[in-house]
Amino acid sequence: MTTESNDNTPSKIDAESDKPEVASPTPELEQAAAEDSFVQVEKPEIGRFQRILRVALIALAAVLIVFLAGFLTDNFVRYSPMKTVLTENLTQTQDELGQANQTISDLQNQIDSLITQLTVANDRIAALEQDKEKLQSDLDSANLHIELLTALAELKTAHIELKNDNVAGVKVALSGAAGRLKNLEPLIEKVDTNLAANMLTRLNLILSGMDTNSATAQADLGLLAKNLQSVETLLFGKK
């Protein structure tokens, strides 16, 4: 019968005691090792997330670029013809406006010219009115002068007829004298108010007394004619 060897023999125990002892890890070392292991696990995860995020951003940017390009293309296609039409309309409107302004300028020049012509015409009319008034005054003065000369001629004719004892001829010569002397009153008043007031009365005395007192009527006729001759010389005599 074989006797089993005992593991606890002195030789085995001595051999085990000769092995170097392994020191057990401290808690600090264990924590540092755990953190280092976590970092090594975390770094690949972060790198992959960044790559995914970068790809997502690039894709989003590409989508935005495509969308923007489509938007711009759509707007260009949609509004470019409208812009062209509006530009043409604006150009046409500007041309029409320029023509209208030119027409307005031409009309204004015509108006200014017409105003100038009208001013000249008005000045001419005013001058003609003054000339007309002067001519009318000269005409009235000439008519009064003729009336005065006619009255003088009638008085002198009557005086001659009365000297010849032609009473009928005197009456014919003096038939219009009263009316003439009445018309001459305003003119004669300018130089002799007494004569203007009394000449009609004197004429009536001549007409009424020439049948009965021819000499007195003849003297009155001569005096009246002389007075009227003085008026004619004062008003119409050469200066």
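The values are calculated or read from the model by the stated rules, or taken from the named source; none is laboratory data. Nothing here was measured: the structure is a model prediction, and the numbers come from that model. A quick note on method: Cβ atoms are made from the backbone with ideal geometry, for glycine too, and the neighbour counts reach across all protein chains shown.
Worth pointing out:
- The condition (being assigned to a helix (DSSP H, G or I), out of contact with any Asp or Glu (no Cβ under 8 Å at 6 or more places or on another chain) and under 30 Å from LEU223 (Cα atoms)) is satisfied by just one residue among ASP140, ASP112: ASP140.
- Flag if ASP165 is outside any helix (DSSP H, G or I) and among the charged types (D, E, K, R): yes
- Here LEU149 meets the list (1) under 30 Å from GLN218 (Cα atoms); (2) out of contact with any helix residue (DSSP H, G or I) (no Cβ under 9 Å at 6 or more places or on another chain) almost entirely, failing just condition (2).
- Across region 187-200, the qualifying residues are those that are in a helix (DSSP H, G or I) and β-branched (Val, Ile, Thr), and the one among them that is farthest from LEU148 (Cα to Cα) is THR193.
- A single entry from LEU203, LEU223, LEU155 fulfils the requirement of being modelled with pLDDT of 90 or more, surrounded by fewer than 15 Cβ atoms within 10 Å (Cβ to Cβ) and either part of a helix (DSSP H, G or I) or not polar (S, T, N, Q) (or both): LEU223.
- Any hit, region 124-140, residues being without any contact (Cβ under 8 Å) to a residue 40 or more places away in the chain and closer than 22 Å to ASN227 by Cα: yes
- Matching residues in region 206-220 - criterion: being touching a residue at least 24 places away in the same chain (Cβ under 8 Å) and part of a helix (DSSP H, G or I): ILE206, LEU207, SER214, ALA217, GLN218
- Residue count for region 158-196, restricted to those that are surrounded by fewer than 16 Cβ atoms within 10 Å (Cβ to Cβ) and not acidic (Asp, Glu): 20
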